[in-house]
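Below: one structure, written as structure tokens.
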Amino acid sequence: MIDKMGAVSGLSGLLSSAVTDALKGSPLAGKPQPLDQASFADAISKALESASMAADKSAEMGKRLQMDDPTASIEETVIAMNTSSLQFTAVVQARNKILQAYNDIMNMPV
């Protein structure tokens, strides 16, 4: 369960490192970005894909539990559902922070 929680907190780390990299790679720095680095859009895409896969897994496990599958355990199903919920919450919070930062920048006086 700790590894799954680490994946959720990894989104925060990806966001902060992406912002730091974006500030370092500003046009004022004069250095082009290497092509082999992952972009911010890729990081967000991977986070969304991970959250979607976790939601699919928890839904499938819940369905198996409801159908009285002997291999389905309540504990694993609850953990999968909580992991899915945490990942979705993290993605929504990241989106909200990105939109708030965008709005703050757009509302700055020129």
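Tabulated results
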| item | result |
| --- | --- |
| Sites VAL110 and PHE40 - FRET efficiency at Förster radius 30 Å, r taken between beta-carbons, to 0.05 | 0.75 |
| Added length on full extension, which subtracts the Cα-Cα distance from 0.36 nm per residue, GLN93 to GLU60 | 9.3 nm |
| Length gained when the stretch TYR102-ALA72 is fully extended (0.36 nm per residue, less Cα-Cα span) | 6.4 nm |
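FYI, it's all coordinate maths here, none of it is from the lab. Model, not experiment: these values are computed from the prediction. Virtual Cβ from ideal backbone geometry, glycine too; neighbours counted across all protein chains shown.
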